[in-house]
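Take a look at the structure below.
Where a number appears in this text, it was derived from the coordinates with a stated rule and is not lab data. Treat the numbers as computed from the prediction; the structure is a model and nothing was measured. Here the Cβ positions follow ideal geometry from the backbone for every residue, glycine too, while neighbour counts run over all protein chains shown.
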Amino acid sequence: MLGHTHMAVGIATGLLLVQPKSLPELLVGVSAGAVGGLISDIDVGTSKSHKQADIITMGAALIVAVVLLADWIFKVGIQDMLMKNENFVQIFLPTMVFIGICAYGKGTHHRSFMHSFVAFILLTACVGFAVPMAAPYFGAGFLSHIFIDMFNKRKEQLFWPSKKGVCFKLCSSHGKVNKILFYSGTFLAGLCILISIYNIYDLGKYFSIVFKGA
């Protein structure tokens, strides 16, 4: 599937499974789900695809940057929350290992290491050590990527280093199924964000007061 589809489905999956309890967690969940949904495709192989991989990498970095900028402007408290009870080494080392794993994965064959359960475990563990709150969202996004890619005609080495691949051979990555997944993922992601905001700020209580007053 295409990158924007993986991002939408990754965000929706993370929010559906984890359900954030605060605004900082919601922003962290959206960014981590998006990165988790995108990151596997840094292993694309052709010269054209490598440009796409670079776009994916920059897109993932941009998502994180936008969230941190929003935190700085609106004083949400994400950075303070992430740094609480953490030190530089606890964040820096897992981040460097994460980057190293991705650098290795970028040079592997498409749908091999970066589409495997080994990569899922290693990368999610790195995120968990660096930013524990982000790990379940990232992991959900990553699993959503390799799951929907199984519908394609090209096999995934889910059990890497075993070369045996898995796929359902039901569709292409550019076809109608991709569009359906993109629109469905976008709708669900938007709905989950609205529901999360509704629950976080207890808007049901607010609306009940307004209706009673009316």
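With a ≥ b ≥ c the root eigenvalues of the C-alpha gyration tensor of the stretch 87-134, is it rounded (a/c under 1.5), prolate (a/b larger than b/c) or oblate?
Verdict is oblate for the stretch 87-134.
Here the residues 118, 44, 30, ranked from fewest to most Cβ neighbours within 10 Å of their Cβ, fall in the order 118, 44, 30.
With N as its number of residues, the stretch 120-176 has a Cα radius of gyration that, divided by 2.2 N^0.38 Å, comes to 1.34.
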